[in-house]
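Contents: one structure, followed by commentary.
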Amino acid sequence: MPRISESSIERHVAKMQAALYGASVALFVERGIDDTSLGDVAEAIGLARNSLYRYVPDKDALVVQWIIAEMSPVLAHSEEILNSDLAPAVRIRTWFLDQLEAVADPSHARAVRIVNSATSLKPATRELIGQAHRSVVVALSSAIASLKPRPTDEVEQLTALVVALVNGAFKLVSEGSEATAVAERTWPAVISLLDL
């Protein structure tokens, strides 16, 4: 039986999981996901690799935990904006600018870059990350639908186009373009698409 370093098993497990999470993020940032093994993570905190599985099932679980931690504040703020009582056009503009601000954050941009470059992630892991992003798309779609009456398929198409514009803006900002300049060039396309 492993040594318990806390007053209860639950606290010990929580402490070990937090240590594993911290070590894995540091290694993912330093080496990338593909070049970090669970053995590396275990070694970083002085844990035998076979003991690691008591606390985490696999490396992908640590990746999901990291990405959810990175995304949660952004997603919560996005949903708050899109579900607010502001006028629909104001909600969409505020959300749009907030998205570009998030991608300009070096920590967020680094996480996106590291995950996108990883080839070893399981499809289920990528799906979990995608689901988190899709929750914001649902709120955006609702805001677009509230602009004026439109058929459902038109709302879906407009939502997809706005998301594509935001993704393109993300790419420009992540490649070094200034977020405000990208927003000023991209927002007119959103206005045109949505007839704002």
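Where a number appears in this text, it was derived from the coordinates with a stated rule and is not lab data. A quick note: this is a predicted structure, and the numbers were derived from the prediction, not measured. Note that we place each Cβ from the backbone using ideal geometry, even for glycine, and neighbour counts take in every protein chain shown.
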Normalised contact order of the chain, rounded percent, pairs of Cα under 8 Å and 6 or more residues apart: 21 percent
- request: Place a +1 charge on the Cβ of each Lys and Arg in segment 9-52 and a -1 charge on the Cβ of each Asp and Glu, then give the dipole magnitude about the Cα centre in debye, rounded to the nearest 20.
  value: 240 debye
query: What's the angle, to the nearest 10 degrees (0 to 90), between helix 59-82's Cα axis and the longest principal axis of the chain?
result: 30 degrees
- line: Cβ-Cβ cut-off under 11 Å around His108, Lys and Arg +1, Asp and Glu -1: the net charge is -1
- prompt: Taking θ as phi - 60°, what are the ³J(HN,Hα) couplings along segment 135-145 by the Karplus curve (6.51, -1.76, 1.60), each to the nearest whole Hz, with x for Gly and Pro?
  reply: 5, 6, 5, 4, 5, 4, 4, 5, 5, 5, 4
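222 nm [θ] for the chain, helices only, -39500 (n - 2.57) per DSSP H run of 4+, per residue, to 500? Walk me through the intermediate numbers first.
Values: 9 runs with 149 residues, N = 196.
When only DSSP H runs of four or more count, the value is -25500 deg cm²/dmol.
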- prompt: From the phi of every residue in segment 147-163, what ³J(HN,Hα) in whole Hz does the Karplus formula 6.51 cos²θ - 1.76 cosθ + 1.60 yield, where θ is phi - 60° and glycine or proline is x?
  reply: 5, 6, x, 8, x, 4, 5, 5, 4, 4, 5, 5, 4, 4, 5, 5, 4
Using alpha-carbon coordinates, inclination of helix 9-31 to the longest axis of the chain, degrees: 70 degrees
task: Would you list, by chain and number, the lysines whose Cα falls below 29 Å from the Cα of Lys171, excluding same-chain residues fewer than 8 positions away?
output: Lys59, Lys122
statement: With the dipole of segment 9-52 defined by +1 on each Lys or Arg Cβ and -1 on each Asp or Glu Cβ, the option from Ser24, Leu52, Ser37 whose Cα lies farthest towards the positive pole is Leu52
- request: In debye, nearest 20, what is the charge dipole magnitude of the chain about its Cα centre with +1 on Lys and Arg Cβ and -1 on Asp and Glu Cβ, if you could check?
  value: 380 debye
- prompt: Any idea what the relative contact order of segment 9-52 is, in percent, if you count C-alpha pairs under 8 Å spaced at least 6 apart?
  reply: 31 percent
field: 0 to 90° range, to nearest 10: angle between helix 179-194 axis and the chain longest Cα axis
entry: 50 degrees
message: Test of understanding: ordering Ile67, Ile9 by Cβ neighbours within 10 Å, fewest first, what list do you get?
response: Ile9, Ile67
Pairs of Cα atoms farther than 29 Å apart, the chain, %: 36 percent
Karplus-derived HN-Hα couplings along segment 117-131 (A = 6.51, B = -1.76, C = 1.60, θ = phi - 60°), whole Hz, x at Gly and Pro: 8, 6, 9, 8, 5, 5, x, 5, 5, 4, 5, 4, 5, x, 4
